[in-house]
Amino acid sequence: MPEKQAQSPEPMRKAVTAGTIGNFVEQFDFGIYGYLAPVMAPVFFPSQDPVVGVLSTYAILAIGTIIRPLGGMILGRWGDRFGRRSVLLWTIALMGLCTALIGVLPTYEQVGMLAPLLLLLMRMVQALISGGEYVGAIAFVVEWAHPKRRAYYTSFVSISVFVGILGGAGTSALTAVLFDDAALQSYGWRIPFLLALPLSLIGLWVRNRVGETPEFVKATADGAEVVKAPLTEAFKSQWREMLVFCGSSITLAIVSYTWVTYLPEFLSSNVGLSRAEALGSNAISVAVIIPLLPLAGALSDRIGRRPMLITGYLAALLLVPAAFAVAQLGTFTSAVIAQLIYVIPEFFLTGIVTVCVAEMFATKTRFSAGGVAYNSSFALFSGITPFVSALLVSTFGTIYAVWGYLAVAAVISLVVVIKWMEESYRLDLTTGKPMVQQ
């Protein structure tokens, strides 16, 4: 019965909606935090040097993200023992609450050093939650999906990332337009964070209406045959796959966070665009990638994961410096074109890395193994990328220093996939063996 249910469009539609909505709330939060970091910097980190304030705000983003693997371990173990659904109900509720609390935090002027400490605490709690949210959503959707359309359906999890970021970008841009600089820094920046609470309540309602995944039910005999120590088992039996995934995903982490978090700040601070123009140009490029991701998923379901990933790494190596060159022409049009160039490597990498985090690991330990692998690579590279990018440009005086950082990662990923990554698009999720042709 579960297998037949997984083929039905209606349960699949509900599963995709439930899996993606929580990730939308998470990315909405990260989007507004990244976009509004320059505005928030003097609120929490008064300094005569604005660069120091921005770096400090990005540093909190990086520190919070670094503890994501711990969240992956804790929530992954929970998800492998008690099911995907229960974890996802908790993560969406807590993420919305923490995001809303950022919107009511006191300023440095009001409480001194307690202000940045409270901000850090909220980001750390959110990072723990994020460690389980994204991987849990991926596992949830993949385990509901038709075996030969896993990348297509999982592409909607990736879409939720960009829709959330676009929501953050659009909300931040609109806020910047509606409030003058004084009002924006005084209270205007708080409004986008407060919007996360009603969004999370809607998501909680949606997730509560969907049952456990058929794949988890089948693999664990409806929860009666779960692995008692899934994290330990993952490290013992799947350490190689975890390392391979980490190596294969670092390029996407750097490309994505350079594009959606740092580049708008660079356009505003170094190129001379207004903040509204910088955010608007970024929002346009993010909007373009959204309808392309299902096409990338469908293509990967036909040709495999490895060809897509290899093409994406080569595109990142060759096209990112061109994007930087165009970005520095200093017009709104050039800013849009530069960021549309980023869409090309994103097309080949985003959804494919997403589906691989589920396909590369066994069902009984998928949440734990995937949580550690995904969060280890993205914690180390995505969270620090805005900080490292700003530091590199400040130190070397050129945006091409950021490309050097990305190029090293792309070469590593390319070698890892070519030498050690096994093709996974025709593997059975439960057995790890090729699917029987029907």
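Put +1 on the Cβ of each Lys and Arg and -1 on the Cβ of each Asp and Glu in segment 226-361; which of Phe245, Val226, Gly330 then has its Cα farthest toward the positive end of the dipole? Checking the options against the dipole of segment 226-361, the answer is Val226. Surface composition of the chain: carbon plus sulfur atoms hold 68% of the accessible area, using a 1.4 angstrom probe and ignoring ligands, DNA and RNA.
Solvent-accessible area of Lys364, all protein chains in place: 70 Å² (probe radius 1.4 Å, heavy atoms, ligands and nucleic acids excluded). Sequence-ordered 3J(HN,Hα) estimates for segment 101-112 from the Karplus curve with 6.51, -1.76 and 1.60 and θ = phi - 60° stand at 5, 4, x, 10, 5, x, 8, 4, 5, 7, 10, x Hz, glycine and proline given as x. Compute the signed sum of charges (Lys and Arg +1, Asp and Glu -1) over the other residues within less than 9 Å, Cβ to Cβ, of Gly304. That works out to +2.
For the cross-link pairs Lys14/Lys148; Lys364/Lys419; Lys236/Lys419; Lys148/Lys228; Lys148/Lys236, which exceed 24 Å when the distance is taken from alpha carbon to alpha carbon?
Going by Cα-Cα distance, Lys364/Lys419; Lys148/Lys228; Lys148/Lys236 fall outside the 24 Å limit.
The charge dipole of segment 161-271, taken about its Cα centre with unit charges on the Cβ of Lys, Arg, Asp and Glu (plus for the first two, minus for the last two), comes to roughly 180 debye.
Rounded to the nearest 20, the size of the Cβ-charge dipole of segment 142-211 about its Cα centre is 540 debye, with Lys and Arg at +1 and Asp and Glu at -1. Our compactness index for the chain, the C-alpha radius of gyration over the empirical 2.2 N^0.38 Å, is 0.94.
Normalised per residue, the accessible area of the chain is 38 Å², obtained with a 1.4 Å probe and no contribution from ligands, DNA or RNA. A simple packing score, the average count of other Cβ atoms within 10 Å per residue, orders the peptides 36-46, 247-257, 104-114 as 247-257, 36-46, 104-114, with the highest score first.
Work out, in µm²/s and without decimals, the Stokes-Einstein translational diffusion coefficient of segment 174-234 at 37 °C, 0.692 mPa s, Rh from Kirkwood over C-alpha pairs.
Diffusion coefficient, whole number: 207 µm²/s.
Our coupling estimate for segment 165-180, obtained by passing each phi through the Karplus curve with A = 6.51, B = -1.76, C = 1.60 and θ = phi - 60°, is 5, 5, x, x, 5, x, 5, 5, 5, 5, 4, 5, 6, 6, 10, 6 Hz, Gly and Pro reported as x. Over all pairs of different C-alpha atoms, segment 333-409 has a mean inverse distance whose reciprocal, the Kirkwood radius, equals 14.8 Å. With the simple model of a label 7 Å out from the Cα in the direction of the Cβ, Leu117 to Lys419 spans 4.7 nm. Along the charge dipole of the chain, Cβ charges K/R +1 and D/E -1, which of Leu391, Ala369, Ile344 sits furthest on the positive end? The one lying farthest along the dipole's positive direction is Ala369. Placing a label point 7 Å from the Cα of Trp239 along the Cα-to-Cβ direction, the residues of segment 64-98 whose backbone N falls under 18 Å of that point are 73. Database remark: amide H of Ser424 closer than 5 angstrom to the amide H of Arg305, Arg306 (H placed geometrically; neighbours at sequence offset of 5 or more, or on other chains; Pro and chain starts carry no H). Each residue of segment 153-158 was assigned a 3J(HN,Hα) from its phi angle through the Karplus curve 6.51 cos²θ - 1.76 cosθ + 1.60 (θ = phi - 60°); the sequence is 5, 5, 4, 6, 5, 5 Hz, with glycine and proline shown as x.
Net charge dipole, the chain: roughly 1100 debye, given to the nearest 20, about the Cα centre with Cβ charges of +1 for Lys and Arg and -1 for Asp and Glu.
Using only the C-alpha atoms, the convex hull of segment 117-200 corresponds to 103 Å³ per residue. Values of log10 I(q)/I(0) for segment 240-294 across q = 0.18, 0.22, 0.24 Å⁻¹ run -0.70, -0.84, -0.91, by the Debye formula with one identical scatterer at each alpha carbon and no solvent. Among 347-360, 282-295, 175-188, sorting by the average number of other beta carbon atoms lying within 10 angstrom of each residue, highest first, gives 347-360, 282-295, 175-188.
Per-residue accessible area (protein heavy atoms, 1.4 Å probe) orders Glu265, Glu133 as Glu265, Glu133, starting from the largest. Stretched out straight at 0.36 nm per residue, the stretch from Phe82 to Leu329 would grow longer than its current Cα-Cα span by 83.6 nm.
The values are calculated or read from the model by the stated rules, or taken from the named source; none is laboratory data. Everything numeric here is computed off the predicted structure, so don't read it as measured data. Cβ atoms come from the backbone with ideal geometry, glycine included; neighbour counts cover every protein chain shown. Only protein heavy atoms, including side chains, enter the accessible area calculation; ligands, DNA and RNA are left aside. Shrake-Rupley method; radii C 1.70, N 1.55, O 1.52, S 1.80 Å.
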